[in-house]
Amino acid sequence: MKTQSLTGAAALLLAQASVAFAALPSNKTSWQQYVVSPQSRNIVPASILSHSGNVSNADVLVSGGGVARLTRAELNTTYPSWPSGTNAKASSEAAPNTDGGVTRTYNASNAIDGNLNTFWNDNTEGQYPDILTITSPSKVVLDGVTLESSSDGVPESFTVETWDGSSWTQSGSITGNNATRCRVPFSQNVTTDQVRVNVTQDQETSKGVYTRITELWPALVADDPAVPEIVLDFGQNVVGFLEIDFAGGSTNTPGIKLAFSETLVYLTDVSDFTRSGNGDAITPGTDQIAVKSTPYKWTDTNGCAYNDSQVCADGLHGFRYLKISLDALDSDSPHTSPSGFVDISSVSLNFTAYLGTLSSYSGWFECSDEQLNQFWYDAAYTNEMVVDDFLADTVDPRDSASPTLLGKTVIYDGAKRDRDPYVGDIAISGRTAYLSHEDVSTAVVNVLADLAEHQSDSGWIPPASINNYGLHLFDYPLYWVTSSWDYVLYTGDVEYATTYYLELQNVLNTWCPSVTDDTTGLLTKSKYYHDYAFLERYGIVTYYNALYVQALQSAAKLANATNHTSDASAWQQRAATVSQAINDHLWDASVGAYLDDSTDTTRHGQDGNGIAVITGVANATRAQSALDYLADKTALPYGNAFMDNDSLLAGGSERVYAFTSYFDIQARFLTSNVDSALDEIRRLYGWMAASDPGITFWEGIGTNGSAYEDAYTSKAHGWSTGVLPALTNYVLGLTPTEPGYQRFAVNPAFPQNITWARGQEATPYGDVYLEWSTADNGTATISLTAPKGTVADVSVPKKSSVELDGTVVWSASSSDQTQSDGVEVQQNGDLITLVGVSAGQHTVVAK
């Protein structure tokens, strides 16, 4: 049979049938309009959100061509004090802690010690009253008192009582306070030797609801000169090193404090997260600068300017918003001052992550639904933000700086935090990388190989370099197996599989049997291990065992690719045995879904049920039942919850992980629940895209669609990019089935409300191009370009007939299946599959 060109085939089809085909645009570069990646490593702010205090010409930090000045008058450094011998007591006191070798206390005495860097912290979060009592050895005359508090522990409502010698008298009352310095005037002078502050409400912050009083002064103290501040918006989440061009400053080395945040809700006087917050405690949550009087460029660098402990900065940040303040820490004296003036000519960011320019996209996707298109490219950018060089002062500081990874490009879990390459995250972010930027595969294999080389004698593979490869996660060795197969499948690098084949055997034949229950044949998790969400579930769990089946299936494919056929057969048989055991021990017939674990008869998890469907552990009947149950019990406006109740975790039925949602979405596509899959995508990714910071996708979503771990939450997390492979694999319908796309499947879902889709993927053999469209009368057309050396299996809906390049190869009126030019035609349920379509340009039409 002669192969026709795409243009010729399309003309022939139009001549054969007068149907209204969907308008598939002819411009094959229109996908580029959705790309959100920066086009340069030098990123400047998009806008000034606000400025306050004595600030002039702030707008030049966006428009350029001038100098912004922040000015602050000299502060009063002399504050009133209590008589010598005064003591303080409190209703409760938080326990001391040690961070970076420094022990911090939170005693009541901190509220009268004259040190603005210490504070009293109660120990009853959100419970009241919180009471601070000051006792003087001699009577004092007070016209009022002033309460100075930490910004993350401001008393909102409180009373001030004084002792008259026999009883307490209310001398002042405050409600609705939001200031860190709050004056409480008395109606008349009071002579007393005891003052009591009774707090009945604190402002809620990301650090909890506590009373944190820095000082209680025995007088009315005026406000310090307002802190000059400028809030910059970089327009989207970015990551890298901030650079500031200073045009000069006053000669007293005025201080600049920098606070970073991915969202406005957590943009405060301290950053939403800093490296110091994960153990490298050199800053109190802001980066500090002692500004020189002469012009110079400052680059944010991890470390301290003086004595390894003063004027310190954390270096790299992931953020969207930046607050610049003219202020200084008392502890940085005498090297910097909280007053003076600072001139700034420009602020910019050196973007350090993968730069996804138009030319760097080796794969792309586009369809008739613009929202889905944007999700694809938002996911690509989220993933770009987590691809970066592995450097000692930019990785998670918790003993993660592995010498074997230093200097290599890796794929991290998150851009802001934790910044460590976790293999569970790569199970999704790796697929995103292969389908968007093929050169990122190097970052993936650098991590997979390094983890394999740190395999323990037990066969266990560490999840990441954190804790010197010592974080014991139960599920991540299995993700190393599945991620290894994905890497070989998408890149064709079979040599990797050969190199680490022994490590593969050790995971499955040494470690897995060591954690297998002899009675059931299922993996059983002890309290020695954690998992992806640090969940307190142990024993026999559906998720771990369904993932085990997936790992065995992936291992069998790796074994076949490396000619270890006996291993492949053994692992396939074990996968079947484990699958049967899951069905025997974990299926809950009362609701029609798999139990989360065998000890709780009420809870059902998204993770275990999703993977059970993907792997075929669930037959068609059970798969549909489980997916229907989850859709009914877990659907939220911002996605599907990862648990159907709160028995495992408080708020579990309101928590959404895009990580485990990917399994759920895959399962729905694979079982032809296409509308359900797209509905989940639109709720989950639509919520994140419409919420601050926009574009990038979050580590987790909590109650009412909030960041599930408040300010600590990463808002750019690679494991949340599953929408990209889902759209390419199922909506476009392109999936490799043999290493390097030597064989690949074309099987679009043909969603009812999507009229066309198209895309391209790079392979070792050349680019695969695919497009499909549907007509008003239901005719479906697929156009395909397959590079030399590849074979495609193309599936279309079963209708009256199927044509390949203008020739009918299957007809409903004939019971015979046709074979033409080596192409075998198979009926698979509601699909007709053309098996073995050769390289070249082809058009397949079902009508």
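For SER206, all conditions in the list (1) touching a helix residue (DSSP H, G or I) at 6+ places or on another chain (Cβ under 6 Å); (2) at pLDDT 95 or above hold save one; what is the number of the exception?
For SER206, the exception is condition (2).
Kindly indicate whether any position in the stretch 244-266 is modelled with pLDDT under 95 and within 27 Å of THR336 (Cβ to Cβ). Explain how you work it out, then say what you get.
Taking the stretch 244-266 as the starting set, the residues that turn out to be modelled with pLDDT under 95 are none.
No, the conditions are met nowhere in the stretch 244-266.
Please verify whether THR696 is assigned to a loop (DSSP other than H, G, I, E, B), hydroxyl-bearing (Ser, Thr, Tyr) and either assigned by TED's automatic domain parsing to the domain that holds ASP628 or under 17 Å from ILE782 (Cβ atoms) (or both), treating the condition exactly as stated.
Values: assigned to a loop (DSSP other than H, G, I, E, B): yes; hydroxyl-bearing (Ser, Thr, Tyr): yes; either assigned by TED's automatic domain parsing to the domain that holds ASP628 or under 17 Å from ILE782 (Cβ atoms) (or both): yes.
Yes, satisfied.
Yes or no, residue by residue, for (1) touching a helix residue (DSSP H, G or I) at 6+ places or on another chain (Cβ under 6 Å); (2) closer than 27 Å to TYR657 by Cα:
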| position | (1), (2) |
| --- | --- |
| SER337 | no, no |
| PHE351 | no, no |
| TRP364 | yes, yes |
| GLN374 | yes, yes |
| MET385 | no, yes |
| ILE426 | yes, yes |
| ALA433 | yes, yes |
| HIS437 | yes, yes |
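Which of the residues that make up the stretch 71-94 are loosely packed, with under 11 Cβ neighbours inside 10 Å and within 32 Å of the chain's Cα centre (by Cα)?
Once the filter is applied, which keeps residues that are loosely packed, with under 11 Cβ neighbours inside 10 Å and within 32 Å of the chain's Cα centre (by Cα), the stretch 71-94 yields nothing.
Output yes when any residue across the stretch 666-676 is farther than 22 Å from ALA749 by Cβ, crowded, with 17+ Cβ neighbours inside 10 Å and not aromatic (Phe, Trp, Tyr), and no when none is. Outline the logic, then answer.
We begin by selecting, within the stretch 666-676, every residue farther than 22 Å from ALA749 by Cβ; these are none.
There is no residue in the stretch 666-676 that is farther than 22 Å from ALA749 by Cβ, crowded, with 17+ Cβ neighbours inside 10 Å and not aromatic (Phe, Trp, Tyr).
I'd like the residue in the stretch 442-476 that is touching a Gly at 6+ places or on another chain (Cβ under 8 Å) and not aliphatic (A, V, I, L, M) and, out of all such residues, is nearest to VAL386 (Cα to Cα). Reasoning before the result, please.
From the stretch 442-476, those touching a Gly at 6+ places or on another chain (Cβ under 8 Å) are 444, 462-463, 473, 475-476; that's our starting set.
Add one more test, that the residue is not aliphatic (A, V, I, L, M), and what stays is 462-463, 475-476.
Details: PRO462: 20, PRO463: 17, ASP475: 22, TYR476: 19 Å.
Ranking the qualifying residues of the stretch 442-476, first place goes to PRO463.
Among the candidates THR634, THR621, which residue alone is among the hydroxyl-bearing types (Ser, Thr, Tyr) and either buried (at least 24 other Cβ atoms within 10 Å of the Cβ) or more than 30 Å from GLN573 (Cβ to Cβ) (or both)? Full working, then the answer.
Numbers: THR621 fails: either buried (at least 24 other Cβ atoms within 10 Å of the Cβ) or more than 30 Å from GLN573 (Cβ to Cβ) (or both).
So the residue among THR634, THR621 that is among the hydroxyl-bearing types (Ser, Thr, Tyr) and either buried (at least 24 other Cβ atoms within 10 Å of the Cβ) or more than 30 Å from GLN573 (Cβ to Cβ) (or both) is THR634.
Among ASP664, ASP632, which is in a helix (DSSP H, G or I) and over 25 Å from the mean Cα position of the chain (by Cα)? Let's see the steps before the verdict.
Details: ASP664 fails: over 25 Å from the mean Cα position of the chain (by Cα).
Going through ASP664, ASP632 in turn, just one is in a helix (DSSP H, G or I) and over 25 Å from the mean Cα position of the chain (by Cα): ASP632.
Report, by residue number, each residue of the stretch 201-218 that is charged (D, E, K, R) and surrounded by fewer than 23 Cβ atoms within 10 Å (Cβ to Cβ).
To start, the set of residues in the stretch 201-218 that are charged (D, E, K, R) comprises 202, 204, 207, 212, 215.
Scanning the stretch 201-218 gives GLU204, LYS207.
Just name the residue that is modelled with the lowest pLDDT out of those in the stretch 95-112 that are of a type outside the set (Ser, Thr, Tyr) and surrounded by fewer than 17 Cβ atoms within 10 Å (Cβ to Cβ).
Initial filter on the stretch 95-112 (of a type outside the set (Ser, Thr, Tyr)): 95-97, 99-102, 104, 107-108, 110-112.
After this cut, where a residue has to be surrounded by fewer than 17 Cβ atoms within 10 Å (Cβ to Cβ) as well, the list is 95-97, 99-102, 104.
Details: ALA95: 95, PRO96: 94, ASN97: 87, ASP99: 67, GLY100: 58, GLY101: 69, VAL102: 77, ARG104: 90.
Top of the filtered list is GLY100.
Of the residues VAL195, VAL190, VAL141, only one is of a type outside the set (Asp, Glu), surrounded by fewer than 21 Cβ atoms within 10 Å (Cβ to Cβ) and not in a loop (DSSP other than H, G, I, E, B); which? Give the derivation first.
Values: VAL195 fails: surrounded by fewer than 21 Cβ atoms within 10 Å (Cβ to Cβ); VAL190 fails: surrounded by fewer than 21 Cβ atoms within 10 Å (Cβ to Cβ).
After ruling out the rest, the residue left standing is VAL141.
Just give me the residues in the stretch 108-136 being free of Cβ contacts under 8 Å to residues at least 60 places away in the same chain and β-branched (Val, Ile, Thr), in sequence order.
THR124, THR135
Which one is modelled with the highest pLDDT, of the residues in the stretch 22-44 that are within 20 Å of ASN777 (Cα to Cα) and out of contact with any Ser or Thr (no Cβ under 6 Å at 6 or more places or on another chain)? Please lay out each step first, then the result.
First, pick out the residues of the stretch 22-44 that are within 20 Å of ASN777 (Cα to Cα): 22-25.
Right, trim to out of contact with any Ser or Thr (no Cβ under 6 Å at 6 or more places or on another chain) and you get 23, 25.
Details: ALA23: 77, PRO25: 89.
Looking at residues that are within 20 Å of ASN777 (Cα to Cα) and out of contact with any Ser or Thr (no Cβ under 6 Å at 6 or more places or on another chain), I get PRO25.
Given the conditions (1) assigned to a strand (DSSP E or B); (2) buried (at least 17 other Cβ atoms within 10 Å of the Cβ); (3) not β-branched (Val, Ile, Thr), and given that SER276 satisfies all but one, which numbered condition is not satisfied?
(1)
Name every residue in the stretch 44-59 that is surrounded by fewer than 18 Cβ atoms within 10 Å (Cβ to Cβ) and either within 24 Å of ASN373 (Cα to Cα) or not polar (S, T, N, Q) (or both), in order of residue number.
Restricting attention to the stretch 44-59, the residues satisfying the condition of being surrounded by fewer than 18 Cβ atoms within 10 Å (Cβ to Cβ) are 44, 46-47, 49-50, 52-54, 56-57, 59.
Hits for the stretch 44-59 are VAL44, ALA46, LEU49, GLY53, ASP59.
Go over the candidates ASP664, ASP632 one by one and state the one that is among the acidic types (Asp, Glu), in the same structural domain as PHE375 (by TED's automatic domain parsing) and closer than 21 Å to ASP413 by Cβ. Quick ask: steps written out before the conclusion?
Details: ASP632 fails: closer than 21 Å to ASP413 by Cβ.
Going through ASP664, ASP632 in turn, the sole match is ASP664.
Please find, within the stretch 281-322, the residue that is nearest to the chain's Cα centre (by Cα) out of those that are surrounded by fewer than 18 Cβ atoms within 10 Å (Cβ to Cβ) and among the hydroxyl-bearing types (Ser, Thr, Tyr).
Residue satisfying both the conditions and the ranking: THR301.
Please note which strands (runs of 3 or more DSSP E) are completely contained in the stretch 38-107 and include at least 1 residues that are over 30 Å from ALA219 (Cα atoms), outside the structural domain of ILE244 (by TED's automatic domain parsing) and not aliphatic (A, V, I, L, M). Full working, then the answer.
Working: elements: 47-52, 54-56, 68-72, 87-90, 97-99, 102-104.
It comes to 97-99, 102-104.
Return the residues of the stretch 202-218 that are hydroxyl-bearing (Ser, Thr, Tyr), over 27 Å from the mean Cα position of the chain (by Cα) and assigned to a strand (DSSP E or B); say none if nothing qualifies. First the steps, then the outcome.
So the first thing to find is which residues in the stretch 202-218 are hydroxyl-bearing (Ser, Thr, Tyr), and the list is 205-206, 210-211, 214.
Okay, now just the ones that are also over 27 Å from the mean Cα position of the chain (by Cα), so 210-211, 214.
Scanning the stretch 202-218 gives a single hit, THR214.
Name the residues in the stretch 776-788 that are at pLDDT 95 or above and out of contact with any Gly (no Cβ under 6 Å at 6 or more places or on another chain), would you? Give the derivation first.
If we filter the stretch 776-788 for residues that are at pLDDT 95 or above, which is where we start, we get 779-788.
Correct list: THR779, ALA780, THR781, ILE782, SER783, LEU784, THR785, ALA786, LYS788.
Filter the stretch 350-362 for residues that are surrounded by fewer than 23 Cβ atoms within 10 Å (Cβ to Cβ) and over 11 Å from VAL35 (Cβ atoms) and give the result.
Result: ASN350, PHE351, THR352, LEU355, SER362.
Name the one entry in SER368, SER325, SER331 that is over 22 Å from the mean Cα position of the chain (by Cα) and modelled with pLDDT under 95. Give the steps one after another, and end with the answer.
Values: SER368 fails: modelled with pLDDT under 95; SER325 fails: modelled with pLDDT under 95.
The conditions single out SER331.
Here are some conditions: (1) over 16 Å from TYR528 (Cα atoms); (2) within 23 Å of the chain's Cα centre (by Cα); (3) without any contact (Cβ under 8 Å) to a residue 40 or more places away in the chain. PRO462 meets all but one. Which one does it not meet?
Of (1) over 16 Å from TYR528 (Cα atoms); (2) within 23 Å of the chain's Cα centre (by Cα); (3) without any contact (Cβ under 8 Å) to a residue 40 or more places away in the chain, only one is false for PRO462: (1).
Just to be sure before I move on: is GLY235 on the phi > 0 side of the Ramachandran plot, small (Gly, Ala, Ser) and under 33 Å from the mean Cα position of the chain (by Cα) in the structure I sent? So that I can check it myself, show each step before the final result.
On the way: on the phi > 0 side of the Ramachandran plot: yes; small (Gly, Ala, Ser): yes; under 33 Å from the mean Cα position of the chain (by Cα): yes.
Spelling it out, GLY235 is indeed on the phi > 0 side of the Ramachandran plot, small (Gly, Ala, Ser) and under 33 Å from the mean Cα position of the chain (by Cα).
Taking the stretch 513-525, which residues are in contact with a Leu (Cβ under 7 Å, 6 or more places away or on another chain) and touching a residue at least 40 places away in the same chain (Cβ under 8 Å)?
Quick first cut of the stretch 513-525, residues in contact with a Leu (Cβ under 7 Å, 6 or more places away or on another chain) only: 515-516.
Across the stretch 513-525, the qualifying residue is only VAL515.
Given the structure, is VAL549 outside any helix (DSSP H, G or I) and touching a residue at least 40 places away in the same chain (Cβ under 8 Å)? Even if it seems obvious, please write down each step before you answer.
Numbers: outside any helix (DSSP H, G or I): no; touching a residue at least 40 places away in the same chain (Cβ under 8 Å): yes.
Against the criterion (outside any helix (DSSP H, G or I) and touching a residue at least 40 places away in the same chain (Cβ under 8 Å)), VAL549 does not qualify.
Exactly one of (1) part of a helix (DSSP H, G or I); (2) more than 30 Å from GLY766 (Cβ to Cβ); (3) touching a strand residue (DSSP E or B) at 6+ places or on another chain (Cβ under 6 Å) is unmet by SER714. Its number?
SER714 satisfies all of (1) part of a helix (DSSP H, G or I); (2) more than 30 Å from GLY766 (Cβ to Cβ); (3) touching a strand residue (DSSP E or B) at 6+ places or on another chain (Cβ under 6 Å) except (1).
The values are calculated or read from the model by the stated rules, or taken from the named source; none is laboratory data. For clarity, every value in this text was computed on a predicted model and none was experimentally measured. Note that we place each Cβ from the backbone using ideal geometry, even for glycine, and neighbour counts take in every protein chain shown.
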